[in-house]
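This report refers to the structure that appears directly beneath it.
The values are calculated or read from the model by the stated rules, or taken from the named source; none is laboratory data. Not measured: the values here are computed from a predicted model. Heads up, the Cβs are rebuilt from the backbone with ideal geometry, glycines too, and the neighbour counts pull from every protein chain shown.
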Amino acid sequence: MRFGIVVFPGSNCDADCYYVIKDVMHEEAFYVWHKERDLSSFDAVILPGGFSYGDYLRAGAIARFSPVMSAVKEFADKGGLVIGICNGFQILLEAGLLPGAMLRNKSLKFICDQVHLKVSRTDTPFTHLFSEGEVIKIPIAHGEGNYYCDPETLESLKSNRQIIFTYSSPEGLEDEEYNPNGSIANIAGIINKKGNVLGMMPHPERCSEAVLGGTDGFKVFASMINWAKEASR
Amino acid sequence: MKNNMSYRDLGIGDDEYRMILDFMGREPNELELGMFSVMWSEHCGYKNSRPLLKLFPTKGEHVIQGPGENAGVIDIGDNDALVFKIESHNHPSAIEPYQGAATGVGGIVRDIFTMGARPVALLNSLRFGEPYDERVKELLAGVVAGIGDYGNCLGIPTVGGEIYFNDCYKENPLVNAMCIGLVKKDEIKRAVASRIGSPIMLVGAKTGRDGIHGATFASEELSEESTAKRPAVQVGDPFMEKLLIEACLELIKEDLIDGMQDLGAAGLVSSVAETASKEGCGVVIDVLKVPRREEGMTPYEVMLSESQERMLVIPKEGKEKRIAEIFDKWGLDAVVIGQVTDDGIFRVFEGEKEVAAVPVVALTEGCPVYVREGIKPDYYRKVQGLNEDELLSVNLTEAFKKLLASPNIASKKWVFSQYDYQVMTNTVVVPGDGDAAVLRIKGTKKGFAASTDCNSRMVYLNPYEGGMMTVCEAARNLACVGAKPLALTNCLNFGNPEKPEIYWQFKEAVKGMAKAAEFLGTPVVSGNVSLYNESSNGAVYPTPVVGMVGLLEDIENRRDMAFKNEGDIICLLGRLRRELGGSEYLYVCHGMESGRVPEVDLEEEKSLINLLLELTSLKVLSSCHDISEGGLAVALAESAIKGGIGFSVKLESLDAGILFSEAPTRAVVSLNKDNISKLKEVSSKWGIEVHVLGRTGGEEIIIAGEENEAVSLNLEEARQIWGERLQCLMK
Amino acid sequence: MYKVDVFVVLKPGVLDPKGEAVKKSLNVMGYEGVNEVRIGKFIEVWLDAESREDALRQAEKMSKELLANPVIEDYRVKIVEGE
Amino acid sequence: MYKVDVFVVLKPGVLDPKGEAVKKSLNVMGYEGVNEVRIGKFIEVWLDAESREDALRQAEKMSKELLANPVIEDYRVKIVEGE
Ligand SMILES: Nc1ncnc2c1ncn2[C@@H]1O[C@H](COP(=O)(O)OP(=O)(O)O)[C@@H](O)[C@H]1O
Ligand SMILES: [Mg+2]
């Protein structure tokens, strides 16, 4: 399976994603410079974490004007799999591929830590190897991960089952106490209506190998690969 | 005469001015004088410290590059090398904590990729006043956010460091940043080997009036006067730095350049002089070619500006075009600002007009060196006189709780959770989990570990012993996580060396460090000196921070400090010691910072390290944690809290000394009972005592004596006291 | 050349944790009368344009496209001539 | 209750990386006439005060003490009554 990993000036998890796809998942990985306009040769596209354009002004605000973003839209419209991780999620929001916006963390501080997530849907290309309601442990590292949307949008996210990951206790309790950044409804990751574009703040690429202290992230990539293989069969 | 007035304002002494006249053969103009003033400042010229730095051992089987370059380099096998250095940004951080600390990180990162290495880890070493004062908290919050934001944006994990609080740092905090880079041995860039006629390119940020005379400023005591003449504060642009890293590393991969030089203190003057001095060349620069951010800048301002995120690049013959393409790809402007010449003169032009001409050697090697006399300070004798037997007795459980709550001991999670310590997916022992950070090296079985250390109270009480202790602690920390200590970098933070008492501290500490580094086989490969750390309250404690780097042949053998299993045996490796001199206990429970510093036995330290390394390959230990601040009791508690497992141990007697002594060369380990005979066997081979103390398990922390007395505390309560203290203070 | 000031503020109803924190600090510092603080951006743009109207039109457009995020922010544009 | 607007801007000569990045991006987006962008803060403060003068005096003081960082920033205070 061919993964395109978009590199914006200031991306800094591009190499981590590349490593996971190539050396951990043993699939094909390619860097895609942000000036590219064609993504048609890929089966999936990753918008990696980092600080595109320094996250100056607002996280993801400037990156969304990169030429590659029209290609990402087109790719997504045709049903291609797109995953935005951390800064990638922020870019997807700014670009309007996913609804809502990111505010500064409620603590006003950058947070690097391990959190627990509840996987609330397992019929998506990104989560179908998880079990329903499974709680996973995963690292976060962000300063602007406080997800916000207006009440109507939240309603529609809920009714369309677009909320995929929520911050929770190790037992799966979605309580404010386990919300690291103030996100509305403990939202950590959402999907588009069509189900092929996922944005998530936590970093699955940082917990895909035992040596890093956890492997729950592995299943996100494995789900994508598995789904694509099924689809092409 | 005009110059006569100004040279003193620039910090140049009368004798120094006479030397300048000799070099020049005439009166220097203002720009020339400015060039001397920054190059001959302590910060650039090391005029008070050079003779002492010569005491350091700098060679060893792993050393590829010792001091004298932008950073040191060590060989870790398989064509891999580690590049590292530590640097201070104390004075800028005192003025503007966020930007001061951020630009400190920016500066040390440039020193690393200038050598051709990819920066892969950041550490730091911080000192503040006690965090009960609003201004101190502001400084602390600003510095931590500045370090975090800058490193996070670059995508370089900040994996370790240390932070201490003592009121001697209240007005003059210390902010030292360390960076480690990874490079293929055959891609290391050394001295800028300049070809005559080679163009000199400047790339990165535009030049503004920031930080003019920063180097001179860093070489003076902080006073109201110095605050008034402080330079425009430099603002960091981590995004620009990230682009520079990627672009410069691409130049190296394609082998397009002879060399690179970062612009740091003293800006263009220093980096251009360094570029030329390596080969005895000269250089011409046209200030009009330097892209500027502000209008009406004079040659003086352009040459001395300390605007951040700039690099000089010396292209290989005929590669200019390709270099320009790569910079263009990254959205960076690179311009040719001058050329290497053969006359040994540093010439500055403003268009057609020559505005300065100074012999390069005068600026570099010409810098005067001062060998000063030290005097043993009065306090030294006084503090040795403490009689520990005369201390009022305290409730040991209460003392234990107080220690866990001391900001110097309590968890530093409030700090490191603001640092992205996992980006690059190499960090396998994360901050707080082990005595040192451990990172894997992808594509190999290997890993490296790093730690920064300095117990400045000990150094204050006895600079020589304290200096040795600092090096030993760093080495021991590495051995605790399973890494073989290889080499060190250091940042010597002291007061005004012109004061004989300070010079004595400086000299004694360096001697102690040199002795230990030599003995342990961990040479000094790089470093930095920060003097004049004084305020109206006097000098800071002598704080010679050591950053040490070690190697793990097999990353699977790494260890952390957390107890792993219920029912493991807990042992002390090393002697049961009772000396309380310089301990946090004396400070927290008796308000004293005094006493005789516990002696370091270098032979024993080396044996302990070797023992820990042998135990690593034998995989007999479940956890390992060295004894430092807070002594045995705190070491045990930390392992328990980290592992979420209580313990019960029994000591031959229960007293403050045995619980809280910070005597070095000791570690607390836990292991399966089946491994105990192996442990004893190997320990006896290395001549290190093993004391079986008790077992892990349960929800309580229990330290019992022979009689019925015991120190006991619920594990969850201990976790709360220790874990939440700093967070509460910083709310 | 024209100078345009762009004010970007959080929409009413969008929580402003930074403003909230500043308010609390001010209260603690003795400014007890402070009831609310909201923190937005003040963006100064210097641009060449054909006319005052053109400058304003451009500023409006760039605010909508880039300077403000319509999901969370409102903006206001004000021309400051003669700079 | 009074409303005071506080404008906090970087001192002239102090680097503004954010403004610089926004400027470049605007140029690339087609706003070629944009010569410079500087990004500051726009802080709205609602406070009870005895009088207009008192409100202004308080706002000045809190700007100096907290809202602006005097080492790198300048500020300006403007009262907006009747809110
Ligand atoms: N305390 C020290 N121990 C060892 N080497 C040192 C020490 N202080 C400075 N050096 C070395 O002196 C040289 C000059 O240092 P510095 O001026 O800080 O370099 P740069 O200009 O690259 O930042 C470097 O090679 C540095 O490693
Ligand atoms: Mg350098």
Would you say B:GLU274 is assigned to a helix (DSSP H, G or I) and either away from ligand 1 (no atom under 16 Å from the Cβ) or within 14 Å of another protein chain (Cβ to nearest Cβ) (or both)?
-> no
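Conditions (1) in contact (Cβ under 8 Å) with a residue 40 or more places away in the chain; (2) more than 10 Å from ligand 1 (Cβ to nearest atom), marked per residue:
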site	(1), (2)
B:TYR7	no, yes
B:LEU10	yes, yes
B:TRP40	yes, yes
B:ASN48	yes, yes
B:LYS59	yes, yes
B:VAL63	yes, yes
B:PRO67	yes, no
B:VAL73	yes, yes
Quick one: in region A:188-233, which of the residues that are surrounded by fewer than 19 Cβ atoms within 10 Å (Cβ to Cβ) and assigned to a loop (DSSP other than H, G, I, E, B) is nearest to the other protein chains (Cβ to nearest Cβ)?
-> A:GLY213
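Residue-wise test of (1) within 20 Å of B:MET311 (Cβ to Cβ); (2) outside any helix (DSSP H, G or I); (3) modelled with pLDDT of 95 or more; (4) touching a Lys or Arg at 6+ places or on another chain (Cβ under 9 Å).
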| site | (1), (2), (3), (4) |
| --- | --- |
| B:VAL183 | yes, yes, yes, yes |
| B:VAL192 | yes, yes, no, yes |
| B:ILE196 | no, yes, no, no |
| B:LEU202 | yes, yes, yes, yes |
| B:THR216 | no, no, no, no |
| B:GLU221 | no, yes, no, no |
| B:THR227 | no, no, no, no |
| B:ARG230 | no, yes, no, no |
| B:VAL235 | yes, yes, no, no |
Kindly state which helices (runs of 4 or more DSSP H) lie completely within region B:88-161 and contain at least 3 residues that are within 16 Å of ligand 1 (Cβ to nearest atom) and away from every other protein chain (no Cβ under 13 Å).
-> B:97-113
Taking region B:514-560 only, how many residues are polar (S, T, N, Q), in a strand (DSSP E or B) and within 14 Å of ligand 1 (Cβ to nearest atom)?
-> 4
Residue list for region A:10-47, restricted to those being under 18 Å from the mean Cα position of the chain (by Cα), outside any strand (DSSP E or B) and within 10 Å of chain B (Cβ to nearest Cβ) = A:GLY10, A:ASN12, A:CYS13, A:ASP14, A:ALA15, A:ASP16, A:CYS17, A:TYR19, A:VAL20
Considering region B:413-447 alone, what residues qualify as being among the small types (Gly, Ala, Ser) and touching a residue at least 60 places away in the same chain (Cβ under 8 Å)?
-> B:GLY432, B:GLY434, B:ALA436, B:ALA437, B:GLY447
Answer residue from region D:1-58, given it is within 7 Å of another protein chain (Cβ to nearest Cβ) and of a type in the set (Gly, Ala, Ser) and is surrounded by the most Cβ atoms within 10 Å (Cβ to Cβ) among those = D:ALA21
Inter-residue pairs, beta-carbon under 8 Å, first on the phi > 0 side of the Ramachandran plot and in region B:95-124, second among the charged types (D, E, K, R) and within 16 Å of ligand 2 (Cβ to nearest atom), 6+ apart = B:GLY116/B:LYS189
Restrict the check to region B:677-697 and report whether at least one residue is in contact with a Phe, Trp or Tyr (Cβ under 6 Å, 6 or more places away or on another chain), closer than 27 Å to B:MET469 by Cα and in a helix (DSSP H, G or I).
-> no
From the set of residues in region A:87-109 that are more than 13 Å from chain C (Cβ to nearest Cβ) and more than 17 Å from A:CYS149 (Cα to Cα), which is surrounded by the fewest Cβ atoms within 10 Å (Cβ to Cβ)?
-> A:ASN87
Sole miss for B:LYS289 among (1) over 30 Å from the mean Cα position of the chain (by Cα); (2) within 16 Å of ligand 1 (Cβ to nearest atom); (3) not hydroxyl-bearing (Ser, Thr, Tyr) is condition (2)
What do you reckon, is A:TYR53 part of a helix (DSSP H, G or I), touching a residue at least 24 places away in the same chain (Cβ under 8 Å) and within 14 Å of another protein chain (Cβ to nearest Cβ)?
-> yes
Please tell me if B:SER88 is touching a helix residue (DSSP H, G or I) at 6+ places or on another chain (Cβ under 9 Å) and within 15 Å of ligand 2 (Cβ to nearest atom).
-> yes
For region B:250-271, the count of residues that are outside any strand (DSSP E or B) and within 12 Å of ligand 1 (Cβ to nearest atom) equals 8
Kindly indicate which of B:ASN490, B:ASN455, B:ASN462 is surrounded by 24 or more Cβ atoms within 10 Å (Cβ to Cβ), out of contact with any strand residue (DSSP E or B) (no Cβ under 9 Å at 6 or more places or on another chain) and not aromatic (Phe, Trp, Tyr).
-> B:ASN462
Give just the number: which of (1) farther than 22 Å from A:VAL72 by Cβ; (2) within 14 Å of chain B (Cβ to nearest Cβ); (3) without any contact (Cβ under 8 Å) to a residue 60 or more places away in the chain does A:GLY145 not satisfy?
-> (1)
Matching residues, region B:488-507, being under 10 Å from B:PRO544 (Cβ atoms) and away from ligand 1 (no atom under 14 Å from the Cβ) = B:GLN505
Subset of region D:49-83, residues closer than 21 Å to D:GLY13 by Cα and assigned to a loop (DSSP other than H, G, I, E, B), comes to D:ALA68, D:ASN69, D:PRO70, D:VAL71, D:ILE72
Would you be able to say whether some residue in region B:457-464 is touching a residue at least 40 places away in the same chain (Cβ under 8 Å), within 16 Å of ligand 1 (Cβ to nearest atom) and among the hydroxyl-bearing types (Ser, Thr, Tyr)?
-> no
Here the residues within region B:65-79 that are more than 12 Å from ligand 2 (Cβ to nearest atom) and surrounded by fewer than 18 Cβ atoms within 10 Å (Cβ to Cβ) are B:GLY77, B:ASP78, B:ASN79
Of the numbered conditions (1) within 16 Å of ligand 2 (Cβ to nearest atom); (2) crowded, with 24+ Cβ neighbours inside 10 Å; (3) modelled with pLDDT under 95; (4) not hydroxyl-bearing (Ser, Thr, Tyr), B:LYS278 fails exactly one; give the number of that condition.
-> (2)
Number of positions in region B:567-583 that are touching a Ser or Thr at 6+ places or on another chain (Cβ under 6 Å) and either assigned to a helix (DSSP H, G or I) or within 20 Å of B:GLY698 (Cβ to Cβ) (or both) = 2
Subset of region B:375-428 (residues that are more than 18 Å from B:GLU629 (Cβ to Cβ) and polar (S, T, N, Q)) | B:GLN384, B:ASN387, B:SER393, B:ASN395, B:THR397, B:SER417, B:GLN418, B:GLN422, B:THR425, B:ASN426, B:THR427
Kindly indicate whether B:VAL83 is within 14 Å of another protein chain (Cβ to nearest Cβ), of a type in the set (A, V, I, L, M, F, W, C) and within 14 Å of ligand 2 (Cβ to nearest atom).
-> no
Checked region A:110-127 for anything buried (at least 24 other Cβ atoms within 10 Å of the Cβ) and aliphatic (A, V, I, L, M); matches are A:LEU117, A:VAL119
